[in-house]
Number of protein chains: 2
Amino acid sequence: MTTPTTVPPDAFHVYDTTLRDGAQREGLSLSVNDKLAIARHLDDLGVGFIEGGWPGANPKDAEFFRRARTELTLSSAQLAAFGSTRRAGGDTAQDLAHLRESGAGVVTLVAKADVRHVERALRTTREENLAMIRDSVAHLTAEGQRVFLDAEHFFDGYLADPVYAVECLTVAAEAGADVLVLCDTNGGMLPYRLADIVGAVVGTGLRVGIHAHNDTACAVANSLAAIDVGATHVQGTANGYGERCGNADLFSVISALEVKTGRQVLPPGRLVELGRVAHAVAEVANIAPDAHQPWVGSSAFAHKAGLHVSAIKADPDLYQHVDPAVVGNDMRLLVSELAGRATIELKGRALGLEPDRDTVLRVIDRVKDLESVGYSFEAAEASFELLLREEMGERPHFFRLESWRVIVESRGGEVISEATVKLHAKGERIVATGEGNGPVNALDNAMRQALQALYPGLARLELVDYKVRIVSGEHGTDAVTRVLVETSDGVTEWDTVGVHENVIQASWQALEEAYTTGLLRQGIDADR
Amino acid sequence: MTTPTTVPPDAFHVYDTTLRDGAQREGLSLSVNDKLAIARHLDDLGVGFIEGGWPGANPKDAEFFRRARTELTLSSAQLAAFGSTRRAGGDTAQDLAHLRESGAGVVTLVAKADVRHVERALRTTREENLAMIRDSVAHLTAEGQRVFLDAEHFFDGYLADPVYAVECLTVAAEAGADVLVLCDTNGGMLPYRLADIVGAVVGTGLRVGIHAHNDTACAVANSLAAIDVGATHVQGTANGYGERCGNADLFSVISALEVKTGRQVLPPGRLVELGRVAHAVAEVANIAPDAHQPWVGSSAFAHKAGLHVSAIKADPDLYQHVDPAVVGNDMRLLVSELAGRATIELKGRALGLEPDRDTVLRVIDRVKDLESVGYSFEAAEASFELLLREEMGERPHFFRLESWRVIVESRGGEVISEATVKLHAKGERIVATGEGNGPVNALDNAMRQALQALYPGLARLELVDYKVRIVSGEHGTDAVTRVLVETSDGVTEWDTVGVHENVIQASWQALEEAYTTGLLRQGIDADR
C-alpha cells in the first residue's frame, strides 16, 4: 500500500462523486466551468476526495482534469480520476493511459463484482475478470498511483455468489488497491441486510468503502449502516444528485456522522459551512434547492405548529433533533412577526453600516415584501447592500434612466440585437446605442457606451455570470423572471438581482445595481 | 381488546397520515374536497387506515369527518381520528367529545412519552400524564372505540428515561389501547439505534407501531428497521409529505415490504397501482411530482449511461433492482451525448418509428454535435422525436419562418413588449403582431395570431413551463442560452429545446418545435 498523504487524516474518507456519478442525474448537465466551481465549493467544505470524472470515456471530463492542473487549487481535497479496468483481452498500459496521465492523486477503478455481469454483460470468464482487476491495479500502483477499487454490483453479486464477489476484492487488495468500495449499483439494498454483508467483508481484514444509491429511499441509511459495521470510506454526492433516485446525499451522511455519532470527518469548523455549500452547488447545477432536504433545506427546521410556537421559542431543544446552526441552517417559525432583526444588524455591521432600529425594521419589511414577489437576497448581497443604503439615505445614484429600448430581429437566418438607452448623468442627457449577441448583451453595451466617458472605471467591470430562473412557473411565459448577475472588477466579485415579468427589465435592474456597486467600490462620487 | 374487523387482515397495519401529519408540510394546504379526494386514492391503493385529521383542534378536519360519513365509501381502509388525551386536570368525557363523536372507526390518541416534555411543555407531573393516558384510553374503549396510542417524542424520551417512556405505553395498553405507536417526532434517530429500542419494547409483549420523520434522511429505513424487529403497524404519508423534511414515504415503505421482504401488506394486485396513486395525490396536493422519488418517480428507472444501453436492453434485470412494472412504473432510456445505437432504436420504436441503420448513425452524430453546443435531448424528448423524423424524411413543417422582430421598451416606468412575425403557411404569407408581458410571451402571441385561422387546434396548446439555462457561463451575457419549453394540450405534455447565444432565438426554436409537436399529435396534415 502507498503511504497515506491526505489531509485530513486518512483514517476516514469522505469521497464525493458529484462530478461523475452525480452528473448522471436526469436533466443535469455540467460544463467544465460548472465542475470546477463545484469542486471549489466541496473543497471549501473539506471533503477528502473529489472524483472529477471519467477521462477515458468523456472528452469533457478529460478537459476538466487538464484545466484542473492549472486552475484548481485545493486546500483539503484530492482529485480522483474514475475509469474501468483494462478490457477483456486488452492491453493494460494502453487501456489505462488516460487514468495514468490524468494528473489526479487517486485513481478509482471500477470492476464488476457480480459473476452474472461478468458473464452476461462483459461476456468474459470469471478468471479473465479477476486478471483484468489484478493487472490494472498492479499497473497503476507500479506507476506510483494510489488506487481505490469500485466493486460494481457488489451486493447483488454477493447474494448470487459470495465467494466470487469477495475474490474480486482480495485480488485487488493483493495487487495494491487501498480501499475496496462496495457499490449497491442498482440501489436495491435495505440497511439491515446490507450491514450483514459489509460486516462480513470487514471481517476479512480489507479496508472497505460504501457507495449507495437511493432506489429504496435508504441510501443515507445504507451508508451509515456500513460505517457502523466498519466501513471507513463513504462515497456520495452533493444534495444526493445522481442517476434514477440519486446517490447517497453526502451532506446528510456527513451531518449524521458528525452530529449523531460524534465522528469528525471534516476539518474542524467546516460543518457550519454545509448549508451555504449545499445551496451554492444547487445554484451552479441550476437545480432548485429542495426545501425539504434534511439538514440544509430551508424547511428542515421550519415549524408550522402554530399552537406550539411559544413552547418552541421557550425551549427549542425539545422540538428539534439538533441546533440548526451546527450545519449552517436556522430554525424558522412560520409566523410572519418573527423576522431577523439581528440578521439585518449583523449584515449591516459586516458592510460597515450602522442602521438604527427603525431602519432595520423598514429593511425587514422591504426584504419580506420583495422576497414574496420573487427576489432572493441570499444570492445577491450587493443588491441587499444597496437596499440597506437606500433606507439609510446613503444609496448613490450615478445615473438616472429616462428610457431603454431593445430590438431583436431574425431575418434570413441572421439574428441581430440592438439596444438604445437614454440616461442622465452629471448633468448631461446621453443617448447611446449598443449591439450584442443577445438582448441583454446589447443593453449592457449600450449602457457602457453611454457612461464610459463620464465613468472610465466602468471599463474594468466585467459580467462574469448571468442566470435566469422562472420563479413561479405555473403559466409558462407569464411567469415572473429572476435574473442574477455576477460582476467582477478583477479583484472582487458581487451579485445583484432583478425580478420582473419581463426578462429584459429584470436584467436591466440587475445590471443597474451591478454598475452602481462597482462604482461605489471604486470610491467614485455620485452626481447626486 | 376489540375484535379486529379490518380488511385486509389485522396482522399488519398500513396507516396513512397524509391528511393530518402530511398536511403540516410547508406550503401545503388541503381543502376538505382535496382531503376526500386523497382518501379515495389511498383507499384504491388499499391502505388499512386513513387518519383524517384532528377534529378537536381544526374546524376543517371536523368538517372532513362530517362529510366523510355520507360522501366517502371506503373499500379497504378505515378512517382514524387523531386527538390529544384529556388535558392535565381536565374532564375526560368533555375533552374527548370530538373524538368520541367523529364517526371514525379508530381513534389515535397522542400522548407525551418524554418526561421533559411532560414537565416543561405540558407543565404537569409524571403521574398526572400517566393518568391522562389511562383515563382517556379507558373512556374511549368503554365507549366501544378502538384506540391506538401515538407516543410522541418516544425515542428522545426513552433515551432520557426509558422506564418512564415504557410506562406510558404499558398504562395505555392496560387501559385497552391496541397498538402503541413509537414516534420519532423530531426525526433525529438512525436506524441501527432505533432498532435496538423498538426491539426492547417489542420484547415486553406490546403491539408496537412506528411513526418516523425524515430529518436524518432515514425515515423509510427507520420504519423498515422497526418492522424488521417486530413492529406490526407503520405510519407514513403519501410521497413523504410532512413537516420539515417530511414523514416516512409510505409508498417506499410499502414497496420495500412487498418487493424486498415478501410481506404482503396491501390487498392482492394493488401494488401495481402505486405509481398512478402517487401521481394522483401529488396532483390533488398541487405539488410537482418528484421525478427522483424512489419506486414511483419518472426518473426512478431511467438510465443515462449510453455505453451500457445494449447490455441493459439485452438483460434489464442486471440493471434494475426490480421490474418497474411491479409498482406501475417504466424503464426509460435517456438520449444524451453518450447515447448509442441501441438507445436510438428503442426510442424510435417507442414512438412507432423504425429508423434504418444509416439513419440511426446520422441521428447519433447529430445528437452528439447538438449536445456539444448546448442542446440537451434527455429533457426534451419532443425535440428528439422531430430530429429523428427529420432524418427519416418524416418531419412535418406546418409553417415556414420569413422573419421575426421583438421590441422591448421601458419608458416612464412602464415596460412593453411587442413582436412581429412573418410566416408562410398553406400557401399564404402572414404578417402578425402580438404583445406580451415579456419578449417571449409577445413572440408566442404573435405566432398564435398568425397561425390560429389556419390551425385552430393551436388554441388548445398551452405553455405550462419555460426554463432558461446559461450553458457556459464564462463570458456573462455572451454565454449560450438553452431554453426548455413544456407544452400541454390538456391531456399530454411534451418538452422542446432551443439553443442560441440569443435567448429570443433559442425561445423561438423551442416554441416552433412545441407547436409542430402539438399539431403532429393532433394528426393535422402539414402543408408540405
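The table for this structure:
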item	result
Karplus 3J(HN,Hα) series, Hz, for the range A:16-30 with 6.51 cos²θ - 1.76 cosθ + 1.60 (x for Gly, Pro)	9, 10, 4, 6, 10, 6, x, 5, 6, 4, 4, x, 8, 9, 9
Complex-versus-alone comparison for the range A:221-239, residues with a loss of 30 Å² or more in accessible area, probe 1.4 Å	A:ALA221, A:LEU224, A:ASP228
Coarse-grained scattering of chain A at q = 0.13 Å⁻¹, given as base-10 log I(q)/I(0) from a Debye sum over alpha-carbon atoms	-1.23
Test item: Cα-centred dipole of the protein assembly as shown, Lys/Arg +1 and Asp/Glu -1 on Cβ, debye	280
Global geometry of the range A:400-521, whether rounded, prolate or oblate, following the gyration tensor of its Cα atoms and the 1.5 cut on a/c	oblate
Accessible surface of chain B, 1.4 Å probe, proportion on carbon and sulfur as whole %	47
Copy-to-copy label separations for B:PRO59, where each label sits 7 Å from Cα toward Cβ, in nm and ascending	6.7
Accessible surface, chain B, averaged per residue in Å² (probe 1.4 Å)	36
Principal semi-axes in Å for the range B:10-285 [√(5λ), Cα gyration tensor, largest first]	27, 23, 17
Two-decimal Rg to Rh for the protein assembly as shown - Kirkwood Rh, Cα set	0.98
DSSP beta bridge pairing in the protein assembly as shown, given as percent antiparallel to the nearest 5	55
A:ASP91-A:ALA453 pseudo-label distance in nm [points 7 Å out on the Cα-to-Cβ vector]	6.7
Lys/Arg +1, Asp/Glu -1 at C-beta; chain A dipole; positive extreme among A:GLY246, A:LEU42, A:ALA212	A:LEU42
Sparse-neighbour loop sites [trypsin sites (Lys or Arg not before Pro); the range B:252-322; at most 15 other C-beta within 10 Å; DSSP]	B:ARG263
Listed residues A:ALA225, A:VAL147, A:TRP404: farthest to the positive end of the dipole of chain A (Cβ charges)	A:TRP404
Dipole of the protein assembly as shown [Lys/Arg +1, Asp/Glu -1 at C-beta], most positive-end residue of B:PHE64, B:SER136, B:ILE470	B:PHE64
Cβ-Cβ FRET estimate between A:ARG521 and B:ARG395, R0 fixed at 35 Å, reported to 0.05	0.10
Size of charge dipole - the range A:400-521 - debye, nearest 20, with Cβ of Lys, Arg +1 and Asp, Glu -1, no other charges	380
Cα long-axis angle, helix B:59-71 against chain B (0 to 90 degrees, to the nearest 10)	80
Principal-axis tilt of helix A:381-391 within chain A, Cα atoms, nearest 10 degrees	30
Using alpha-carbon coordinates, inclination of helix B:191-202 to the longest axis of chain B, degrees	30
Shielding by partners - mean other protein chain Cβ count within 10 Å, residues of B:410-416	5
Two-site label geometry, A:VAL272 and A:PHE12: point separation in nm, points 7 Å out along Cα→Cβ	2.0
Anchor B:LYS304: lysines whose Cα lies under 29 Å away (excluding residues fewer than 8 positions away in-chain)	A:LYS35, A:LYS60, A:LYS112, A:LYS467, B:LYS260, B:LYS313, B:LYS347, B:LYS368, B:LYS467
Gain in span if fully extended, B:ARG411 to B:LEU353, counting 0.36 nm per residue against the direct Cα distance	15.7 nm
Segment B:GLU174-B:THR204, extension gain: residue separation times 0.36 nm, minus the distance between their alpha carbons	9.5 nm
Whether the range B:1-133 is rounded, prolate or oblate, judged on the alpha carbon gyration tensor where a/c under 1.5 counts as rounded	prolate
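The values are calculated or read from the model by the stated rules, or taken from the named source; none is laboratory data. The structure presented is a predicted model; accordingly, all values stated were derived computationally and were not measured. All Cβ positions, even for glycine, are placed from backbone atoms using ideal geometry, and neighbour counts span all protein chains on display. Protein only, heavy atoms only, side chains kept; ligands, DNA and RNA dropped before computing areas. Shrake-Rupley method; radii C 1.70, N 1.55, O 1.52, S 1.80 Å.
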